[in-house]
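Engineer: My questions all concern the structure below.
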Amino acid sequence: MALHVPKAPGFQSMLKEGARFYSGLDEVAYRNIDACKELSETTKSAYGPNGMNKMVINHIEKLFVTNDAATIMREIEIQHPAAKLLIMASDMQEKEVGDGTNFVLIFGGQLLQNAAELLNMGLSPVEIIDGFNIALNKAQEILPKLVCSEVKELAKIDLVKRALKACFSSKQLGYEDFLSDLVGNACIQALKENTTFNVDNVRVCKILGSGVLNSTVMKGMVLKREVEGMVTRAVKCKIALFSCPIDISATETKGTVLIKSAEELKNFSRGEEELLEKQIKSIVDTGVKVVVCGGKVGEMALHFLNKYEMMAVRVLSKFDLRRVAKTVGGVVLAKIMPPSPEEMGYCDNVYLDEVGDVPVIAFKQDKDEGAISTIIVRGSTDNIMDDIERSIDDGVNNFKALTRDGRLLPGAGAVEIELAKQLSSISESYPGLEQYAIKKFAESFEVIPKTLAENSGFKNTEVLSQLYAAHQEGKSNFGFNIEQSETQVIDVKEKGIFDLYLTKYWAITYATKAAISVLYVDKIIMAKPAGGPKPRENKDWDNDD
């Protein structure tokens, strides 16, 4: 007689064995909040100028030493569904502005932590969500009133440096002035008609050796390669670009040729040679001095290129080939043929150079605007250069944001304290239970100056009380002073510490929306995992980039 095993009651009984079902505040809301809190605690110590680095080893055992939250989150592959919602918000911030990802994680985690306290008090998730939505709308109304400066002329390096400085201070303290000058110049060179800017127009070329302060910026494109032939320099030259190899064209069908004498062999190979020479001569006749190709350059082709004193450059990446075409203003042709005047590129200087024992080919333009610019990053280790590259990427994205909106807010926690102060007083005007949620939303902003103080080795309660005292007196531009001095608060506008308006606006919005999404969840249903063996991991696998 078979034993009848009773299944779990309720909804669980409808699911396959192995599926999981959670409901209720304890099992769902608090668990989700705890996961998000742990996530934000992980990146919190990396926030601000004195933030600590994290050592991350990803699934293919590549090592990252960085304090960039976006990189950390991308490489560690979080599985918890609620924490993923917060990571998605941080990822969206990275796509929208390119900076402020850590702010989203810290602020979102703090909102949920404060929401847990409200749940313990007996408020329902819907009441908390209503309060958070009201507070978010009020914060978005207050933010434009806190703007303390604006970058109107993007071609002026002094204004751009001022706006980018805080972005580099939070990642590369000590190099902020140098990097904001370097990136500012590179971005201004890549700017077209003072309005259009493409992030892809600022390239980074990393060359090991020397120090970060020896990094330079150059108008044009730099490739870590050697030239193919004997010619290593061309000035004010026309350029032909091909995506195919420069070689003797092979026949598509197989055939057997019977050769009876040495004379016939000479004539047979001479035909191929003459055809190739004819092709190269036709390109020379158009006035082209430099040939750039996306495939290999055959030995015979190289002989004729040297004969006609043409410079040959081989570009392995199709993306780099497109960028070279953009730099020189040419069209990439699919087969070997003489380019028309419209298809040719032009460059003021193409030359082979050496940077720290590494051969580089430079396509350098003399014109001032609209061209691709390359930042040559130097550093003693690959990890340092990778981290500098990530900082440069954030800086370039900040410049892109400036082209959309040049408004600047006071940095160093000044905006957060002012928002906390104003939202706290607004909360008192609401009669319902949402006033508690608005108050907790306001309190959540305190986490930013607190974190800055903790990471710099100060007592966060002292810093917070000094900031509130200054803001109560109407000094809305007062923020946390990172330097060891008598006073722990300072007028950040005078010091030139600014945050981008767009970064702050979207970071607050995305963090709040992510927190609300987590609070909306009241049940978790997990299907039974698919059976069968897990796919074997290939150790040699790598990303395309």
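Residue-by-condition table, conditions (1) within 17 Å of the chain's Cα centre (by Cα); (2) outside the structural domain of Leu502 (by TED's automatic domain parsing); (3) in a loop (DSSP other than H, G, I, E, B); (4) not charged (D, E, K, R):
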residue	(1), (2), (3), (4)
Glu153	no, yes, yes, no
Gly174	no, yes, yes, yes
Asn185	no, yes, no, yes
Ile188	no, yes, no, yes
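Engineer: Condition (residue is among the hydrophobic types (A, V, I, L, M, F, W, C) and out of contact with any Ser or Thr (no Cβ under 8 Å at 6 or more places or on another chain)) applied to the range 91-100: is it met by at least one residue?
Structural biologist: Filtering the range 91-100 for residues among the hydrophobic types (A, V, I, L, M, F, W, C) gives 92, 97.
With the extra rule that they be out of contact with any Ser or Thr (no Cβ under 8 Å at 6 or more places or on another chain), the set shrinks to 92.
Checked against the condition, which is being among the hydrophobic types (A, V, I, L, M, F, W, C) and out of contact with any Ser or Thr (no Cβ under 8 Å at 6 or more places or on another chain), the range 91-100 yields at least one hit.
Engineer: When only residues in the range 235-257 that are touching a strand residue (DSSP E or B) at 6+ places or on another chain (Cβ under 8 Å) and either more than 26 Å from Glu273 (Cα to Cα) or surrounded by fewer than 18 Cβ atoms within 10 Å (Cβ to Cβ) (or both) count, which is modelled with the lowest pLDDT?
Structural biologist: Top of the filtered list is Asp247.
Engineer: Is it fair to say His59 is surrounded by fewer than 16 Cβ atoms within 10 Å (Cβ to Cβ), modelled with pLDDT of 75 or more and out of contact with any helix residue (DSSP H, G or I) (no Cβ under 6 Å at 6 or more places or on another chain)?
Structural biologist: On the way: surrounded by fewer than 16 Cβ atoms within 10 Å (Cβ to Cβ): yes; modelled with pLDDT of 75 or more: yes; out of contact with any helix residue (DSSP H, G or I) (no Cβ under 6 Å at 6 or more places or on another chain): yes.
So His59 fits the description; yes.
Engineer: Select from the range 335-385 the residues that are modelled with pLDDT under 75 and among the small types (Gly, Ala, Ser) and write down the one among them that is farthest from Ala155 (Cα to Cα).
Structural biologist: Gly356
Engineer: Quick one: Phe399 ticks every box in (1) out of contact with any His (no Cβ under 6 Å at 6 or more places or on another chain); (2) buried (at least 23 other Cβ atoms within 10 Å of the Cβ); (3) modelled with pLDDT of 80 or more; (4) farther than 25 Å from Val204 by Cβ except a single one, so which number is it?
Structural biologist: Condition (4) is where Phe399 drops out.
The values are calculated or read from the model by the stated rules, or taken from the named source; none is laboratory data. Here the structure is a predicted model, which means the values were calculated and not measured. Neighbour counts run over all protein chains shown; Cβ positions are idealised from the backbone, glycine included.
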